[in-house]
1. How much accessible area per residue does the chain have, in Å², with a 1.4 Å probe?
2. If each residue of separation counts as 0.36 nm, what is the full-extension length gain between Ser150 and Glu318 once their alpha-carbon separation is subtracted?
3. Below 14 angstrom from the Cβ of Val338, what's the summed charge of the other residues (Lys, Arg +1; Asp, Glu -1)?
4. Put +1 on the Cβ of every Lys and Arg and -1 on every Asp and Glu Cβ in the chain; which of Leu171, Ile219, Val416 then has its Cα farthest towards the positive end of the dipole?
5. What net charge do the residues around Ile443 carry, taking every other residue with its C-beta under 11 Å from that of Ile443, with Lys and Arg at +1 and Asp and Glu at -1?
6. Can you give the local net charge around Glu162? Use residues other than it whose beta-carbon is closer than 10 angstrom to its beta-carbon, Lys and Arg +1, Asp and Glu -1.
7. Which angle from 0 to 90°, rounded to the nearest 10, does the C-alpha axis of helix 451-463 make with the longest principal axis of the chain?
8. Where a Cα-Cα gap under 17 Å defines reach, which lysines qualify for Lys228, not counting those fewer than 8 residues away within the same chain?
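The values are calculated or read from the model by the stated rules, or taken from the named source; none is laboratory data. All figures in this text were calculated on a predicted structure; none of them were measured in a lab. Here Cβ is always computed from backbone atoms with ideal geometry, including for glycine, and neighbour counts include all displayed protein chains. Just the protein is used for accessible areas: all its heavy atoms, side chains included, with ligands, DNA and RNA removed. Shrake-Rupley method; radii C 1.70, N 1.55, O 1.52, S 1.80 Å.
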Amino acid sequence: MLVKIYGSAIYGVTAQTITIEVSVDTPGVGYHLVGLPDNAIKESSYRISAALKNVGYKVPGKKITINMAPADLRKEGSAYDLSIAIGILAASDQIVSDNIADYIIMGELSLDGGLQPIKGVLPIAIKAREEGFKGFILPKQNTREAAIVSNLEVYGVDNISEVINFFNKGLPLERTVIDTRKEFQDKINYFPFDFSEVKGQETAKRAMEVAAAGGHNIILIGPPGSGKTMLAKRVPSILPPFTLKEALETTKIHSVAGKIGSETSLMTVRPFRSPHHTISDVALVGGGSYPQPGEISLAHNGVLFLDEMPEFKRTVLEVMRQPLEDRVVTISRAKFTVNYPASFMLVASMNPSPSGYFPDDPNNTSTSFEMQRYMNRLSGPLLDRIDIHVEVQKVEFEQLADRRKGEDSLAIRERVMKAREAQNERYQDLEISYNAQMGPKEIERFCELDEVSRNLIKTAMDKLSLSARAYDRILKVARTIADLEGTSEIRSDHIAEAIQYRSLDREFWNI
(Lines give C-alpha, C1' and ligand atoms only; values in the text may rest on other atoms or scores of the structure.)
Protein backbone atom coordinates (compact mmCIF):
# COMPACT_ATOMS: atom_id res chain seq x y z
CA MET A 1 0.00 0.00 0.00
CA LEU A 2 1.24 3.53 -0.81
CA VAL A 3 0.62 6.45 1.57
CA LYS A 4 1.61 10.11 1.20
CA ILE A 5 2.31 12.17 4.29
CA TYR A 6 3.56 15.74 4.47
CA GLY A 7 6.44 17.41 6.28
CA SER A 8 8.50 20.52 5.58
CA ALA A 9 12.12 21.57 5.00
CA ILE A 10 13.76 24.91 5.83
CA TYR A 11 15.85 26.81 3.28
CA GLY A 12 17.08 30.16 4.55
CA VAL A 13 14.12 31.59 6.47
CA THR A 14 11.42 30.01 4.30
CA ALA A 15 9.93 26.51 4.25
CA GLN A 16 9.20 24.08 1.44
CA THR A 17 6.66 21.30 1.75
CA ILE A 18 8.12 17.80 1.52
CA THR A 19 6.00 14.87 0.36
CA ILE A 20 6.97 11.65 2.14
CA GLU A 21 5.81 8.64 0.10
CA VAL A 22 5.79 5.35 2.00
CA SER A 23 5.30 2.06 0.17
CA VAL A 24 5.05 -1.30 1.98
CA ASP A 25 5.36 -4.34 -0.30
CA THR A 26 4.69 -7.94 0.71
CA PRO A 27 7.46 -9.69 -1.25
CA GLY A 28 10.89 -9.08 0.23
CA VAL A 29 12.28 -7.50 3.38
CA GLY A 30 14.21 -4.25 3.62
CA TYR A 31 14.19 -0.56 4.54
CA HIS A 32 15.04 1.84 1.73
CA LEU A 33 15.12 5.61 2.35
CA VAL A 34 15.71 7.84 -0.70
CA GLY A 35 15.41 11.53 -1.61
CA LEU A 36 18.77 12.97 -0.43
CA PRO A 37 18.33 12.43 3.34
CA ASP A 38 21.24 13.29 5.65
CA ASN A 39 22.64 10.97 8.32
CA ALA A 40 20.17 12.13 10.99
CA ILE A 41 17.27 11.06 8.76
CA LYS A 42 18.96 7.79 7.80
CA GLU A 43 19.34 6.94 11.48
CA SER A 44 15.62 7.55 12.06
CA SER A 45 14.83 3.86 11.38
CA TYR A 46 16.36 2.89 14.74
CA ARG A 47 14.47 5.58 16.66
CA ILE A 48 11.21 4.75 14.88
CA SER A 49 11.54 1.00 15.48
CA ALA A 50 12.17 1.43 19.22
CA ALA A 51 9.45 4.10 19.63
CA LEU A 52 6.75 2.02 17.88
CA LYS A 53 7.67 -1.07 19.87
CA ASN A 54 7.35 0.85 23.15
CA VAL A 55 3.82 2.09 22.30
CA GLY A 56 2.54 -1.31 21.16
CA TYR A 57 3.15 -1.17 17.40
CA LYS A 58 5.96 -2.35 15.14
CA VAL A 59 7.79 -1.76 11.88
CA PRO A 60 6.49 -4.53 9.58
CA GLY A 61 8.97 -7.13 8.36
CA LYS A 62 8.35 -6.27 4.72
CA LYS A 63 9.97 -4.24 2.00
CA ILE A 64 9.56 -0.58 3.00
CA THR A 65 10.45 2.13 0.50
CA ILE A 66 10.37 5.77 1.60
CA ASN A 67 10.82 8.63 -0.86
CA MET A 68 11.20 12.25 0.24
CA ALA A 69 10.12 14.45 -2.66
CA PRO A 70 11.31 16.61 -4.31
CA ALA A 71 14.17 14.12 -4.48
CA ASP A 72 16.79 16.60 -5.70
CA LEU A 73 16.65 18.79 -2.56
CA ARG A 74 18.74 17.77 0.43
CA LYS A 75 16.78 17.10 3.63
CA GLU A 76 18.38 17.33 7.03
CA GLY A 77 17.63 16.90 10.72
CA SER A 78 15.62 14.57 12.89
CA ALA A 79 12.29 16.41 12.56
CA TYR A 80 10.95 13.84 10.05
CA ASP A 81 10.88 10.96 12.58
CA LEU A 82 7.18 11.40 13.38
CA SER A 83 6.19 11.87 9.73
CA ILE A 84 7.96 8.69 8.62
CA ALA A 85 6.68 6.64 11.58
CA ILE A 86 3.04 7.62 10.95
CA GLY A 87 3.56 6.96 7.23
CA ILE A 88 4.84 3.43 7.93
CA LEU A 89 1.88 2.66 10.22
CA ALA A 90 -0.60 3.97 7.65
CA ALA A 91 1.02 2.15 4.71
CA SER A 92 1.02 -1.14 6.63
CA ASP A 93 -2.67 -0.72 7.60
CA GLN A 94 -1.93 -0.51 11.32
CA ILE A 95 -3.79 2.80 11.53
CA VAL A 96 -6.52 4.54 9.51
CA SER A 97 -5.20 7.16 7.11
CA ASP A 98 -8.30 8.74 5.57
CA ASN A 99 -7.49 12.38 6.44
CA ILE A 100 -3.73 12.11 7.02
CA ALA A 101 -2.97 14.33 4.00
CA ASP A 102 -4.76 17.29 5.63
CA TYR A 103 -1.91 17.83 8.12
CA ILE A 104 1.75 18.72 8.24
CA ILE A 105 3.27 16.27 10.74
CA MET A 106 6.73 16.93 12.22
CA GLY A 107 8.66 15.87 15.31
CA GLU A 108 11.76 14.10 16.61
CA LEU A 109 11.11 10.77 18.35
CA SER A 110 12.61 9.51 21.57
CA LEU A 111 12.98 5.77 22.03
CA ASP A 112 9.98 5.67 24.39
CA GLY A 113 7.74 7.37 21.82
CA GLY A 114 8.05 10.83 23.32
CA LEU A 115 8.61 13.88 21.12
CA GLN A 116 11.48 16.35 21.20
CA PRO A 117 11.22 19.99 19.97
CA ILE A 118 12.25 20.93 16.44
CA LYS A 119 13.61 24.05 14.70
CA GLY A 120 11.98 26.33 12.14
CA VAL A 121 8.39 25.86 13.30
CA LEU A 122 7.16 29.35 12.39
CA PRO A 123 8.19 29.28 8.69
CA ILE A 124 6.72 25.76 8.43
CA ALA A 125 3.39 26.92 9.89
CA ILE A 126 3.28 29.94 7.55
CA LYS A 127 3.92 27.67 4.53
CA ALA A 128 1.30 25.16 5.71
CA ARG A 129 -1.33 27.90 5.83
CA GLU A 130 -0.30 29.20 2.39
CA GLU A 131 -0.72 25.75 0.86
CA GLY A 132 -4.12 25.14 2.44
CA PHE A 133 -3.34 22.45 5.01
CA LYS A 134 -5.95 22.05 7.71
CA GLY A 135 -3.56 21.67 10.61
CA PHE A 136 -0.05 21.18 11.96
CA ILE A 137 0.79 18.32 14.37
CA LEU A 138 4.08 18.86 16.21
CA PRO A 139 5.80 18.52 19.63
CA LYS A 140 4.01 20.35 22.44
CA GLN A 141 7.12 22.44 23.22
CA ASN A 142 6.76 24.18 19.84
CA THR A 143 3.01 24.82 19.80
CA ARG A 144 3.01 28.45 21.00
CA GLU A 145 5.43 29.39 18.26
CA ALA A 146 3.29 27.78 15.53
CA ALA A 147 -0.01 29.04 16.95
CA ILE A 148 0.72 32.68 16.12
CA VAL A 149 -0.19 31.77 12.52
CA SER A 150 -3.92 32.37 12.11
CA ASN A 151 -6.32 30.09 10.19
CA LEU A 152 -4.23 27.00 10.93
CA GLU A 153 -5.13 24.36 13.52
CA VAL A 154 -2.10 23.65 15.71
CA TYR A 155 -1.98 20.47 17.81
CA GLY A 156 0.82 19.80 20.28
CA VAL A 157 1.54 16.21 21.34
CA ASP A 158 3.83 14.64 23.93
CA ASN A 159 3.90 11.09 22.53
CA ILE A 160 3.39 9.37 19.18
CA SER A 161 0.56 7.33 20.72
CA GLU A 162 -1.57 10.51 20.84
CA VAL A 163 -1.14 10.96 17.07
CA ILE A 164 -1.96 7.27 16.46
CA ASN A 165 -5.14 7.51 18.54
CA PHE A 166 -6.12 10.75 16.75
CA PHE A 167 -6.10 9.08 13.32
CA ASN A 168 -7.02 5.54 14.37
CA LYS A 169 -9.65 6.11 17.07
CA GLY A 170 -10.71 9.70 16.49
CA LEU A 171 -9.56 10.80 19.95
CA PRO A 172 -9.26 14.61 19.83
CA LEU A 173 -5.94 16.42 20.24
CA GLU A 174 -5.65 19.58 22.31
CA ARG A 175 -5.59 22.59 20.01
CA THR A 176 -3.41 25.58 20.89
CA VAL A 177 -4.90 29.02 20.19
CA ILE A 178 -3.10 32.32 20.76
CA ASP A 179 -4.33 35.88 20.35
CA THR A 180 -1.23 37.15 18.55
CA ARG A 181 -2.06 40.85 18.67
CA LYS A 182 -2.93 40.78 22.38
CA GLU A 183 0.27 38.91 23.26
CA PHE A 184 2.26 41.31 21.09
CA GLN A 185 0.80 44.41 22.74
CA ASP A 186 1.09 43.02 26.28
CA LYS A 187 4.87 42.53 26.06
CA ILE A 188 5.99 45.19 23.62
CA ASN A 189 7.17 47.63 26.30
CA TYR A 190 9.04 45.23 28.57
CA PHE A 191 12.79 45.91 28.91
CA PRO A 192 15.19 44.51 31.52
CA PHE A 193 17.46 47.59 31.34
CA ASP A 194 16.69 51.32 31.51
CA PHE A 195 18.73 54.47 30.87
CA SER A 196 17.62 55.89 34.23
CA GLU A 197 20.14 53.48 35.82
CA VAL A 198 23.11 55.12 34.04
CA LYS A 199 24.99 57.62 36.21
CA GLY A 200 26.49 60.60 34.40
CA GLN A 201 27.55 60.08 30.76
CA GLU A 202 25.11 62.69 29.46
CA THR A 203 27.12 63.19 26.26
CA ALA A 204 27.17 59.47 25.51
CA LYS A 205 23.44 59.16 26.28
CA ARG A 206 22.71 62.00 23.86
CA ALA A 207 24.82 60.27 21.18
CA MET A 208 22.88 57.04 21.77
CA GLU A 209 19.60 58.93 21.32
CA VAL A 210 20.81 60.41 18.03
CA ALA A 211 22.02 56.99 16.84
CA ALA A 212 18.67 55.35 17.68
CA ALA A 213 16.68 58.15 16.04
CA GLY A 214 18.50 57.85 12.72
CA GLY A 215 19.44 54.16 12.79
CA HIS A 216 23.13 55.13 12.82
CA ASN A 217 25.92 52.74 13.71
CA ILE A 218 27.92 53.99 16.71
CA ILE A 219 31.26 53.26 18.38
CA LEU A 220 32.03 54.15 22.01
CA ILE A 221 35.65 54.96 22.91
CA GLY A 222 36.59 55.07 26.58
CA PRO A 223 38.60 53.49 29.41
CA PRO A 224 37.55 50.26 31.15
CA GLY A 225 34.71 50.72 33.63
CA SER A 226 33.39 53.92 32.08
CA GLY A 227 30.03 52.33 31.23
CA LYS A 228 30.32 51.48 27.53
CA THR A 229 28.70 48.05 27.88
CA MET A 230 26.06 49.42 30.25
CA LEU A 231 25.07 52.03 27.69
CA ALA A 232 25.00 49.55 24.82
CA LYS A 233 22.69 47.12 26.62
CA ARG A 234 20.10 49.88 26.98
CA VAL A 235 19.90 50.81 23.30
CA PRO A 236 16.99 48.42 22.53
CA SER A 237 14.91 50.19 25.18
CA ILE A 238 14.96 53.48 23.21
CA LEU A 239 14.50 52.05 19.72
CA PRO A 240 10.99 52.32 18.23
CA PRO A 241 8.81 49.33 19.18
CA PHE A 242 8.45 46.41 16.81
CA THR A 243 5.75 46.50 14.19
CA LEU A 244 3.92 43.18 13.90
CA LYS A 245 5.64 42.60 10.54
CA GLU A 246 9.10 43.18 12.05
CA ALA A 247 8.28 40.88 14.97
CA LEU A 248 7.30 38.07 12.59
CA GLU A 249 10.46 38.58 10.48
CA THR A 250 12.70 38.41 13.54
CA THR A 251 10.85 35.47 15.08
CA LYS A 252 11.26 33.47 11.84
CA ILE A 253 15.05 33.87 11.95
CA HIS A 254 15.28 32.85 15.62
CA SER A 255 12.92 29.94 14.93
CA VAL A 256 15.18 28.61 12.16
CA ALA A 257 18.15 28.88 14.52
CA GLY A 258 16.25 27.08 17.32
CA LYS A 259 16.40 30.10 19.65
CA ILE A 260 12.69 30.30 20.53
CA GLY A 261 11.80 29.01 24.01
CA SER A 262 8.80 26.80 24.73
CA GLU A 263 7.08 29.64 26.64
CA THR A 264 7.59 32.14 23.81
CA SER A 265 5.38 32.56 20.79
CA LEU A 266 6.26 35.90 19.19
CA MET A 267 9.35 38.02 19.85
CA THR A 268 8.18 41.41 21.09
CA VAL A 269 11.48 43.09 22.05
CA ARG A 270 14.21 43.97 19.57
CA PRO A 271 17.09 41.47 19.81
CA PHE A 272 20.42 42.38 21.42
CA ARG A 273 23.28 40.13 20.31
CA SER A 274 26.73 40.39 21.89
CA PRO A 275 29.11 37.76 20.45
CA HIS A 276 32.49 37.06 22.07
CA HIS A 277 35.57 38.39 20.30
CA THR A 278 36.75 34.83 19.52
CA ILE A 279 33.79 34.30 17.16
CA SER A 280 34.52 32.88 13.70
CA ASP A 281 33.56 34.41 10.35
CA VAL A 282 30.86 31.80 9.73
CA ALA A 283 29.34 32.16 13.21
CA LEU A 284 29.07 35.92 12.75
CA VAL A 285 27.78 36.07 9.18
CA GLY A 286 26.12 32.66 8.85
CA GLY A 287 26.76 29.62 6.70
CA GLY A 288 28.26 26.20 7.33
CA SER A 289 27.78 22.86 5.57
CA TYR A 290 24.07 23.16 6.31
CA PRO A 291 23.64 26.97 6.29
CA GLN A 292 22.38 28.55 9.49
CA PRO A 293 21.83 32.24 10.29
CA GLY A 294 24.74 33.97 12.02
CA GLU A 295 24.83 36.59 14.75
CA ILE A 296 24.24 39.47 12.37
CA SER A 297 21.00 37.85 11.16
CA LEU A 298 19.93 37.03 14.72
CA ALA A 299 20.37 40.77 15.37
CA HIS A 300 18.00 41.63 12.48
CA ASN A 301 15.74 44.57 13.43
CA GLY A 302 17.77 44.95 16.62
CA VAL A 303 21.28 45.63 17.93
CA LEU A 304 24.61 43.88 17.32
CA PHE A 305 27.09 44.83 20.06
CA LEU A 306 30.80 44.21 19.49
CA ASP A 307 32.52 44.78 22.83
CA GLU A 308 36.20 45.74 22.51
CA MET A 309 35.97 45.78 18.73
CA PRO A 310 39.74 45.83 18.02
CA GLU A 311 40.05 42.46 19.80
CA PHE A 312 37.98 40.76 17.08
CA LYS A 313 39.93 39.14 14.25
CA ARG A 314 40.29 41.52 11.35
CA THR A 315 38.86 38.96 8.92
CA VAL A 316 35.73 38.68 11.08
CA LEU A 317 35.22 42.45 11.07
CA GLU A 318 35.81 42.74 7.33
CA VAL A 319 33.10 40.21 6.43
CA MET A 320 30.58 42.59 8.02
CA ARG A 321 31.23 45.31 5.48
CA GLN A 322 28.88 43.99 2.79
CA PRO A 323 25.98 43.14 5.18
CA LEU A 324 26.27 46.60 6.76
CA GLU A 325 25.77 48.10 3.32
CA ASP A 326 23.24 45.71 1.75
CA ARG A 327 21.42 44.63 4.95
CA VAL A 328 21.20 41.06 3.70
CA VAL A 329 23.55 38.06 3.77
CA THR A 330 23.73 35.80 0.73
CA ILE A 331 25.22 32.32 1.25
CA SER A 332 25.94 30.42 -1.95
CA ARG A 333 26.59 26.71 -2.37
CA ALA A 334 27.02 24.62 -5.50
CA LYS A 335 23.35 23.59 -5.67
CA PHE A 336 21.51 26.37 -3.84
CA THR A 337 21.65 29.91 -2.50
CA VAL A 338 19.99 31.18 0.68
CA ASN A 339 19.42 34.74 1.86
CA TYR A 340 19.26 35.84 5.49
CA PRO A 341 18.05 39.36 6.44
CA ALA A 342 20.65 41.40 8.33
CA SER A 343 19.30 44.90 8.95
CA PHE A 344 20.76 45.75 12.34
CA MET A 345 22.18 48.68 14.26
CA LEU A 346 25.87 48.18 15.04
CA VAL A 347 27.03 49.34 18.46
CA ALA A 348 30.75 48.85 19.12
CA SER A 349 33.11 49.77 21.92
CA MET A 350 36.87 50.06 22.25
CA ASN A 351 39.59 51.29 24.58
CA PRO A 352 41.52 54.36 23.41
CA SER A 353 44.83 52.48 23.66
CA PRO A 354 46.19 48.99 24.41
CA SER A 355 46.54 49.94 28.09
CA GLY A 356 42.99 51.25 28.05
CA TYR A 357 43.57 54.63 29.71
CA PHE A 358 45.26 56.88 27.11
CA PRO A 359 45.23 59.91 27.09
CA ASP A 360 44.14 60.25 30.76
CA ASP A 361 46.89 58.01 32.20
CA PRO A 362 50.09 60.03 32.78
CA ASN A 363 52.05 56.78 33.07
CA ASN A 364 50.82 55.45 29.74
CA THR A 365 53.35 52.83 28.63
CA SER A 366 52.11 52.33 25.06
CA THR A 367 54.57 53.38 22.40
CA SER A 368 53.52 55.28 19.28
CA PHE A 369 54.00 52.11 17.24
CA GLU A 370 51.75 50.10 19.58
CA MET A 371 49.11 52.83 19.47
CA GLN A 372 49.18 52.93 15.67
CA ARG A 373 48.97 49.13 15.40
CA TYR A 374 46.05 49.08 17.85
CA MET A 375 44.08 51.70 15.93
CA ASN A 376 44.84 50.05 12.59
CA ARG A 377 42.89 46.95 13.62
CA LEU A 378 39.83 48.86 12.45
CA SER A 379 40.03 49.44 8.72
CA GLY A 380 38.97 52.64 7.02
CA PRO A 381 36.20 50.96 4.98
CA LEU A 382 34.69 49.55 8.17
CA LEU A 383 34.86 52.87 10.01
CA ASP A 384 33.25 54.35 6.89
CA ARG A 385 30.07 52.52 7.86
CA ILE A 386 30.02 53.83 11.45
CA ASP A 387 28.42 57.28 11.54
CA ILE A 388 28.96 58.23 15.19
CA HIS A 389 32.20 58.03 17.19
CA VAL A 390 31.77 59.22 20.77
CA GLU A 391 34.24 59.44 23.65
CA VAL A 392 33.04 58.04 26.97
CA GLN A 393 34.77 59.63 29.98
CA LYS A 394 35.26 57.89 33.31
CA VAL A 395 32.52 58.57 35.85
CA GLU A 396 33.47 60.73 38.85
CA PHE A 397 32.59 59.77 42.42
CA GLU A 398 30.10 62.62 42.81
CA GLN A 399 28.09 61.28 39.86
CA LEU A 400 28.17 57.70 41.14
CA ALA A 401 27.06 58.78 44.63
CA ASP A 402 24.20 60.91 43.30
CA ARG A 403 20.97 59.11 44.24
CA ARG A 404 18.82 61.00 41.74
CA LYS A 405 17.53 58.99 38.80
CA GLY A 406 18.41 60.07 35.27
CA GLU A 407 15.97 60.39 32.39
CA ASP A 408 14.28 57.05 31.74
CA SER A 409 14.22 55.13 28.47
CA LEU A 410 10.52 55.77 27.85
CA ALA A 411 11.02 59.55 27.63
CA ILE A 412 13.97 59.15 25.27
CA ARG A 413 12.06 56.61 23.21
CA GLU A 414 9.17 59.03 22.64
CA ARG A 415 11.56 61.58 21.09
CA VAL A 416 13.16 58.85 18.96
CA MET A 417 9.76 57.73 17.70
CA LYS A 418 8.79 61.28 16.70
CA ALA A 419 12.02 61.62 14.74
CA ARG A 420 11.42 58.26 13.03
CA GLU A 421 7.88 59.33 12.10
CA ALA A 422 9.29 62.39 10.35
CA GLN A 423 11.76 60.19 8.46
CA ASN A 424 9.06 57.71 7.45
CA GLU A 425 7.03 60.55 5.98
CA ARG A 426 10.06 62.03 4.20
CA TYR A 427 11.13 58.73 2.61
CA GLN A 428 7.68 57.25 1.94
CA ASP A 429 8.26 57.24 -1.84
CA LEU A 430 11.84 55.90 -1.59
CA GLU A 431 13.37 52.53 -0.78
CA ILE A 432 14.89 53.78 2.48
CA SER A 433 13.15 54.37 5.80
CA TYR A 434 15.62 56.22 8.05
CA ASN A 435 18.51 58.66 7.79
CA ALA A 436 21.40 56.20 8.09
CA GLN A 437 20.30 54.59 4.82
CA MET A 438 20.66 57.80 2.80
CA GLY A 439 22.94 57.68 -0.23
CA PRO A 440 24.61 60.58 -2.09
CA LYS A 441 21.39 61.46 -3.98
CA GLU A 442 19.28 61.57 -0.81
CA ILE A 443 21.95 63.57 1.05
CA GLU A 444 22.02 66.16 -1.73
CA ARG A 445 18.21 66.36 -1.72
CA PHE A 446 17.44 66.37 2.01
CA CYS A 447 20.59 67.87 3.60
CA GLU A 448 20.77 71.37 2.13
CA LEU A 449 22.98 73.78 4.11
CA ASP A 450 22.89 77.54 4.51
CA GLU A 451 26.05 79.61 4.14
CA VAL A 452 26.86 79.61 7.89
CA SER A 453 26.58 75.81 8.14
CA ARG A 454 28.65 75.32 4.99
CA ASN A 455 31.44 77.52 6.34
CA LEU A 456 31.33 75.73 9.70
CA ILE A 457 31.77 72.27 8.22
CA LYS A 458 34.56 73.55 5.93
CA THR A 459 36.39 75.05 8.90
CA ALA A 460 35.95 71.85 10.92
CA MET A 461 37.44 69.70 8.17
CA ASP A 462 40.44 72.03 7.92
CA LYS A 463 41.09 72.68 11.62
CA LEU A 464 40.31 69.19 13.01
CA SER A 465 41.88 67.32 10.09
CA LEU A 466 38.63 65.47 9.43
CA SER A 467 38.83 63.02 6.56
CA ALA A 468 36.76 63.38 3.42
CA ARG A 469 34.72 60.32 4.37
CA ALA A 470 33.43 62.20 7.43
CA TYR A 471 31.56 64.77 5.31
CA ASP A 472 28.55 62.62 4.37
CA ARG A 473 28.39 61.12 7.86
CA ILE A 474 28.26 64.57 9.45
CA LEU A 475 25.41 65.60 7.15
CA LYS A 476 23.39 62.43 7.88
CA VAL A 477 23.83 62.79 11.65
CA ALA A 478 22.98 66.50 11.45
CA ARG A 479 19.77 65.57 9.58
CA THR A 480 18.85 63.27 12.47
CA ILE A 481 19.60 65.93 15.08
CA ALA A 482 17.31 68.31 13.20
CA ASP A 483 14.59 65.64 13.13
CA LEU A 484 14.88 65.25 16.91
CA GLU A 485 14.25 68.99 17.24
CA GLY A 486 11.36 68.78 14.79
CA THR A 487 12.89 71.18 12.24
CA SER A 488 13.03 70.69 8.48
CA GLU A 489 16.21 72.80 7.99
CA ILE A 490 19.69 71.80 9.14
CA ARG A 491 21.18 74.64 11.19
CA SER A 492 24.76 75.38 12.18
CA ASP A 493 24.20 74.08 15.73
CA HIS A 494 23.11 70.72 14.29
CA ILE A 495 26.30 70.60 12.21
CA ALA A 496 28.39 71.54 15.25
CA GLU A 497 26.98 68.69 17.31
CA ALA A 498 27.43 66.21 14.46
CA ILE A 499 31.10 67.22 14.12
CA GLN A 500 31.67 66.24 17.76
CA TYR A 501 30.69 62.67 16.86
CA ARG A 502 33.68 62.06 14.54
CA SER A 503 36.40 61.41 17.12
CA LEU A 504 38.26 58.73 15.17
CA ASP A 505 38.66 61.00 12.14
CA ARG A 506 40.66 63.57 14.08
CA GLU A 507 44.39 63.82 13.87
CA PHE A 508 44.47 63.36 17.66
CA TRP A 509 43.80 59.64 17.28
CA ASN A 510 46.27 59.03 14.44
CA ILE A 511 49.38 58.76 16.60
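1. Ligands and nucleic acids excluded, the result is 45 Å² per residue.
2. Difference between extended and current length: 56.3 nm.
3. On the way: positive: Arg74, Lys252, Arg333, Lys335; negative: Glu76.
Local charge sum for Val338: +3.
4. So the residue we want is Leu171.
5. Net charge in that neighbourhood comes out at +1.
6. So the surrounding residues net to -1.
7. 90 degrees
8. The qualifying lysines are Lys199, Lys205, Lys394.
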